[in-house]
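**Student:** The structure that follows is given in the form of structure tokens.
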Amino acid sequence: FDKLQALRELGRHAEAAQAAEALASHLKGAEPADWHWAARALYLKGMAQARNQDFDEALTTWRALELRFEKTESAPVREWLARAGLEIIELTVHRGATFARVDMVREADRLEQQFGKDEWPATQLQMARIRYRKAELLDELDYHQQALEHFEQLKTDFAQSSFDDLREVAADAALARANLLARKDKSAALQAMQELLQSFAGATHAGLKQTLAQTQLEVVKI
């Protein structure tokens, strides 16, 4: 995995994909306790292929990862499946048009049904990000009220989380909701931003601090 990281940093993505494939092949006979290494290798193979602009190959790799481990209950393995799911959404939307967004809203729903109740923190974070992306897609498809509701629910679900990364998603969702409100009701948007600043005041997490700074900028704009 250190080698894969080094190849990525050097921009040698084709080599990284080959190295990841070799690692995944080596791990095919691994014990169940080590399946997460194989899942990680396949996920990274797909990432390397995508960075090399081999988009069809990347999607094929991530789908193969899903099929190989779809029945597993291992929390570390399911984390990599959720990560792959988010990448499938992002890449499909990047390559497609309106129909791709519609399909990926459905894909986000499927992933939420599959992984939404997982208690593994890393999987929870990926699912929060998938739900955030779904809300963005709904807004892009002009389902603005549904987008507002999804952003609000994300804030409600994770604002009090003990994991700062999840609280960051909650804050980002609150800001996205406020920005949507600003299109029609600047007063309501300003109130939402003030509530956001109060809710996360004193945060030391870098991502949260960045969201708070962005919120303050948006307040000035209004």
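**Student:** On a full-extension model of 0.36 nm per residue, what is the gain between residue 14 and residue 162, subtracting their alpha-carbon distance, rounded to one decimal in nm? Provide the component values of the computation, followed by the final result.
**Tutor:** Values: separation 148, 0.36 × 148 = 53.28 nm, distance 3.90 nm.
That pair, residue 14 and residue 162, stretches by 49.4 nm at full extension.
**Student:** Now for a different question. Using a Förster distance of 25 Å, how high is the FRET efficiency between residue 216 and residue 144, based on the Cβ-Cβ distance and rounded to 0.05? Numbers along the way, then the final one.
**Tutor:** Working: r = 25 Å, r/R0 = 0.98.
After rounding to 0.05, the efficiency reads 0.55.
**Student:** Follow-up. To the nearest 10 Å², what's residue 168's accessible area with a 1.4 Å probe?
**Tutor:** Surface open to solvent at residue 168 totals about 50 Å².
**Student:** Right, next: For a 18 Å ceiling on Cα separation, which of these pairs sit above it: 28/117; 3/45; 184/221; 155/209; 155/186; 155/184? Mind showing how you got there, number by number?
**Tutor:** Values: 28/117 28 Å; 3/45 13 Å; 184/221 15 Å; 155/209 16 Å; 155/186 20 Å; 155/184 21 Å.
Going by Cα-Cα distance, 28/117; 155/186; 155/184 fall outside the 18 Å limit.
**Student:** A follow-up question, please. Using a 1.4 Å probe, what is the accessible area per residue for the chain, in Å²? Numbers along the way, then the final one.
**Tutor:** Details: 11960 Å² over 222 residues.
Ligands and nucleic acids excluded, the result is 54 Å² per residue.
**Student:** Moving on. Looking at the chain, identify the longest residue range that excludes and avoids all trypsin sites (Lys or Arg not before Pro) in DSSP loops having at most 12 other Cβ atoms within 10 Å.
**Tutor:** On the way: sites that count: 28, 71, 117, 183, 184.
Maximal segment without exposed cleavage sites: 118-182.
**Student:** Ok, one more. Mind giving me the FRET efficiency for residue 75 and residue 206? R0 is 30 Å, r the Cβ-Cβ distance, nearest 0.05 is fine.
**Tutor:** E(calc), rounded to 0.05, equals 0.70.
**Student:** In the stretch 18-117, which GluC sites (Glu not before Pro) fall in coil by DSSP and have 13 or fewer other Cβ atoms within 10 Å? The partial results should precede the final answer.
**Tutor:** Details: sites: 21, 57, 66, 70, 73, 79, 87, 90, 107, 112; in loops: 70, 73.
Counting only loop positions with at most 13 other Cβ atoms within 10 Å, the GluC sites (Glu not before Pro) in the stretch 18-117 are 70, 73.
**Student:** Taking Cα centroids, how far is the stretch 12-67 from the stretch 78-107 in Å?
**Tutor:** Distance between centres, Cα-based: 18 Å.
**Student:** For the chain, set up a GNM with springs between Cα atoms under 10 Å and report which of 62, 35, 80 has the largest fluctuation.
**Tutor:** Of 62, 35, 80, the most mobile in the Gaussian network model is 35.
**Student:** Which value, in Å² rounded to 10, gives the accessible area of residue 193 with a 1.4 Å probe and all protein chains present?
**Tutor:** The value for residue 193 is about 0 Å².
**Student:** Based on Cα coordinates alone, diagonalise the gyration tensor for the stretch 55-157, multiply each eigenvalue by 5, take square roots, and list the semi-axes in whole Å, largest first.
**Tutor:** Equivalent ellipsoid semi-axes, largest first: 22, 19, 9 Å.
**Student:** Which value, to two decimals, describes the C-alpha radius of gyration of the chain once divided by 2.2 N^0.38 Å?
**Tutor:** Details: Rg = 19.1 Å, N = 222, 2.2 N^0.38 = 17.1 Å.
So the chain has a normalised radius of gyration of 1.11.
The values are calculated or read from the model by the stated rules, or taken from the named source; none is laboratory data. For clarity, every value in this text was computed on a predicted model and none was experimentally measured. Cβ atoms come from the backbone with ideal geometry, glycine included; neighbour counts cover every protein chain shown. Keep in mind that these areas ignore ligands, DNA and RNA; they rest on the heavy atoms of the full protein, side chains included. Shrake-Rupley method; radii C 1.70, N 1.55, O 1.52, S 1.80 Å.
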